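First the structure, in the form of structure tokens, and then the observations on it.
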Amino acid sequence: MPSLLGLHRFNEADPGAAEEALLACCGSHRWALRLTAHRPYPDIESLLAAASEASYDLRPADLAEALADESWMPQPLVGMRAPGSQAAHTALRAAHAAYEARFGHVFVVCLDGVDPEEMLDTVLTSVRTRLANDPDEERLVAADELRRIALTRLEHLVAAATTRSSN
């Protein structure tokens with residue numbers, strides 16, 4: 001659980017530094033500006049509630065910005081580090097490519113609580129299932145997955161501030 005010391009450091013950070021840190025959680029500038037502007041947060045739950053609310057308020061352009069930010073992050077395709085056969089990894093690459101061709105943005109899915117041994121199958125099943133969505137429905141699903149990812153990253157951000165300050 002992130003500590004209040006990490007939250008205090010976040011609350012006291014220069015606005016530019018806070019916004020930059022928040023952009024690592026969600027690539028929407030509007031989202032990051034909104035959370036920065038409403039500091040200080042009395043507790044972590046308030047910060048996470050504000051982040052969730054700001055995620056629900058993302059306009060289509062904000063969501064597109066956040067999804068575009070996910071596409072350039074230096075990480076492999078979701079699920080590619082998971083253990084699995086070469087055939088499964090090839091199928092996953094093909095599914096990611098089909099998803100991007102259909103929806104025009106990278107596939108995002110929150111994998112909190114998924115066992116590493118099940119990750120590849122979970123991602124592959126999710127991509128294949130979501131390929132059947134119409135674009136409007138998928139935009140809503142992607143937005144919710146992005147919100148869940150951002151909340152997890154935000155919790156880690158506050159925890160990381162605590163870890164760095166105790167070293």
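The values are calculated or read from the model by the stated rules, or taken from the named source; none is laboratory data. Here the structure is a predicted model, which is why all the values come from computation and not from measurement. Using ideal geometry, Cβ is built from the backbone for each residue, glycine included, and neighbour counts are taken over all protein chains shown. Quick note on the areas: whole protein, heavy atoms, side chains included, nothing else; ligands and nucleic acids left out. Shrake-Rupley method; radii C 1.70, N 1.55, O 1.52, S 1.80 Å.
Computed values, structure above
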| item | result |
| --- | --- |
| Inter-residue pairs, beta-carbon under 8 Å, first more than 15 Å from Glu70 (Cβ to Cβ) and among the aromatic types (Phe, Trp, Tyr) and in segment 20-33, second surrounded by fewer than 21 Cβ atoms within 10 Å (Cβ to Cβ) and modelled with pLDDT of 95 or more, 6+ apart | none |
| Members of segment 24-40 that are modelled with pLDDT of 95 or more and either open to solvent by 20 Å² or more (accessible area, probe 1.4 Å) or polar (S, T, N, Q) (or both) | Ser28, His29, Arg30, Leu33, Arg34, Thr36, Ala37, His38, Arg39, Pro40 |
| Options Arg164, Arg153, Arg147; residue that is within 19 Å of Glu20 (Cα to Cα), at pLDDT below 90 and assigned to a helix (DSSP H, G or I) | Arg164 |
| Residues of segment 95-117 classified as over 20 Å from the mean Cα position of the chain (by Cα) and over 23 Å from Leu140 (Cα atoms), total | 1 |
| Among (1) more than 15 Å from the chain's Cα centre (by Cα); (2) more than 30 Å from Leu131 (Cα to Cα); (3) at pLDDT below 95 - the single one Ala21 does not satisfy | (1) |
| Residue satisfying condition, being open to solvent by 20 Å² or more (accessible area, probe 1.4 Å) and either modelled with pLDDT under 90 or in contact with a strand residue (DSSP E or B) (Cβ under 9 Å, 6 or more places away or on another chain) (or both), within set Arg93, Arg59, Arg9, Arg102 | Arg93 |
| Residue that is least open to solvent (accessible area, probe 1.4 Å) [pool: residues in segment 114-137 that are under 17 Å from Phe103 (Cβ atoms) and not in a helix (DSSP H, G or I)] | Asn133 |
